[in-house]
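Colleague: Quick one: structure below, then a few questions.
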């Protein structure tokens, strides 16, 4: 196997790739159990978080936000363990994620 590019993917995107593979049943089951959003909702959530325009929110953070869909500030702070968000920034993220 050759790695052509490195790009963070949401669980929904991984599920889509794995669904095309025949021999990866265990991975398909894992993704089925842990994927919370449809592809449409995942993309919409990703766009909404990106539209905040916060430079502290890196692509890797957005991917984890889409995968986990945090419901409280504690969950958000776990995702941003390497970055310090203000209460206002955390609340802005939660306002978006609670719609999903």
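The values are calculated or read from the model by the stated rules, or taken from the named source; none is laboratory data. Quick caveat, the model's predicted, so the values are computed rather than measured. Note that each Cβ is placed from the backbone with ideal geometry, even for glycine, and that neighbours are counted across all protein chains shown.
Colleague: Please give the number of the condition residue 14 fails out of (1) part of a helix (DSSP H, G or I); (2) surrounded by fewer than 15 Cβ atoms within 10 Å (Cβ to Cβ).
Modeller: In the conditions (1) part of a helix (DSSP H, G or I); (2) surrounded by fewer than 15 Cβ atoms within 10 Å (Cβ to Cβ), residue 14 misses (2) alone.
Colleague: List, please: which pairs have Cβ atoms under 8 Å, are six or more places apart or on different chains, and start with a residue in the stretch 1-20 that is more than 19 Å from residue 62 (Cα to Cα) and end with one that is modelled with pLDDT of 85 or more?
Modeller: Listed by first residue and then by second, the contacts come to 17/9.
Colleague: While we're looking at this one, here's another question. Could you pull out the residue among 46, 28, 40 that is in a helix (DSSP H, G or I), surrounded by fewer than 11 Cβ atoms within 10 Å (Cβ to Cβ) and either touching a helix residue (DSSP H, G or I) at 6+ places or on another chain (Cβ under 9 Å) or at pLDDT 90 or above (or both)? First the steps, then the outcome.
Modeller: Working: 46 fails: surrounded by fewer than 11 Cβ atoms within 10 Å (Cβ to Cβ); 28 fails: surrounded by fewer than 11 Cβ atoms within 10 Å (Cβ to Cβ).
The unique qualifying residue is 40.
Colleague: Would you mind telling me which numbered condition in (1) surrounded by 18 or more Cβ atoms within 10 Å (Cβ to Cβ); (2) outside any helix (DSSP H, G or I) residue 63 fails?
Modeller: (2)
Colleague: So, one more: Select from the stretch 57-70 the residues that are farther than 18 Å from residue 35 by Cα and in contact with a helix residue (DSSP H, G or I) (Cβ under 7 Å, 6 or more places away or on another chain) and list them in ascending order.
Modeller: First, the residues of the stretch 57-70 that are farther than 18 Å from residue 35 by Cα: 57-59.
Residue satisfying the conditions is 57 alone.
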